[in-house]
Amino acid sequence: MLNVNNCTMVGRVMFEPDRTTTSTGKNKAVFKMEIVESFPNGGSFKQQIAVELWTTLVTKIEGMKKDDTVCVVGRLQGRTWEDKQGMKHETFDIVAREVSYEPSGGVAAPKVTAKAATYEDKPDSDVPF
């Protein structure tokens, strides 16, 4: 079956990953990344998203620091949480399947450009549903 829950994000590391080990011995790391979407009129939109890494991926981010450029491939996972006032909130995180990063020491963030596919661009036989 086709996996339709797939996302690729390129952004900037907001803080060094928080590494932990679960009670069953699995390694886990969490960090936030900032994604900036630029518009032709010069404006931009910034958003932050948390990224979870498990087991062997945790070792791949040794040395990752704040402001490094990071590329994450994974799936979106929703979760709910309750604030101090008892209000429920919903948020989405990325559970990573692949991750790569470039140190921030003067390296410019990669410019990613792609044309979004529209229904007119794809024949009906290519639509997975």
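The values are calculated or read from the model by the stated rules, or taken from the named source; none is laboratory data. Quantities reported herein were computed from a predicted structural model and do not represent experimental measurements. Cβ atoms come from the backbone with ideal geometry, glycine included; neighbour counts cover every protein chain shown.
I'd like the full set of residues that are under 14 Å from the mean Cα position of the chain (by Cα), assigned to a strand (DSSP E or B) and not hydroxyl-bearing (Ser, Thr, Tyr), limited to segment 55-83.
Within segment 55-83, 70, 71, 72, 73, 74, 75, 76, 77, 78 qualify.
I'm trying to understand the selection: among the residues of segment 12-41, which are closer than 14 Å to residue 73 by Cα and modelled with pLDDT under 95?
The answer is 35, and nothing else.
Can you report the number of residues in segment 56-91 which are loosely packed, with under 12 Cβ neighbours inside 10 Å and either of a type in the set (Ser, Thr, Tyr) or out of contact with any Phe, Trp or Tyr (no Cβ under 6 Å at 6 or more places or on another chain) (or both)?
16
Test residue 95 against the criterion of being farther than 25 Å from residue 39 by Cα and either at pLDDT 90 or above or surrounded by 10 or more Cβ atoms within 10 Å (Cβ to Cβ) (or both), and give yes or no.
yes
Condition test on residue 74, is it at pLDDT 90 or above, within 18 Å of residue 31 (Cβ to Cβ) and of a type outside the set (S, T, N, Q)? Give the derivation first.
Working: at pLDDT 90 or above: yes; within 18 Å of residue 31 (Cβ to Cβ): yes; of a type outside the set (S, T, N, Q): yes.
Criteria met by residue 74.
If you go through segment 1-28 one residue at a time, how many are part of a strand (DSSP E or B), touching a residue at least 12 places away in the same chain (Cβ under 8 Å) and over 23 Å from residue 90 (Cβ atoms)? Before the answer, list the steps.
To start, the set of residues in segment 1-28 that are part of a strand (DSSP E or B) comprises 7-13, 18-21, 27-28.
Those still in the list that are touching a residue at least 12 places away in the same chain (Cβ under 8 Å) too: 7-13, 18-19, 27-28.
Right, trim to over 23 Å from residue 90 (Cβ atoms) and you get 10, 12-13, 19, 27.
Adding up the residues that qualify gives 5.
Can you report the number of residues in segment 38-53 which are over 14 Å from the mean Cα position of the chain (by Cα) and either surrounded by 14 or more Cβ atoms within 10 Å (Cβ to Cβ) or part of a strand (DSSP E or B) (or both)? Reasoning before the result, please.
Residues of segment 38-53 over 14 Å from the mean Cα position of the chain (by Cα): 38-45.
Filter again for either surrounded by 14 or more Cβ atoms within 10 Å (Cβ to Cβ) or part of a strand (DSSP E or B) (or both), leaving 38, 44-45.
So the answer is 3.
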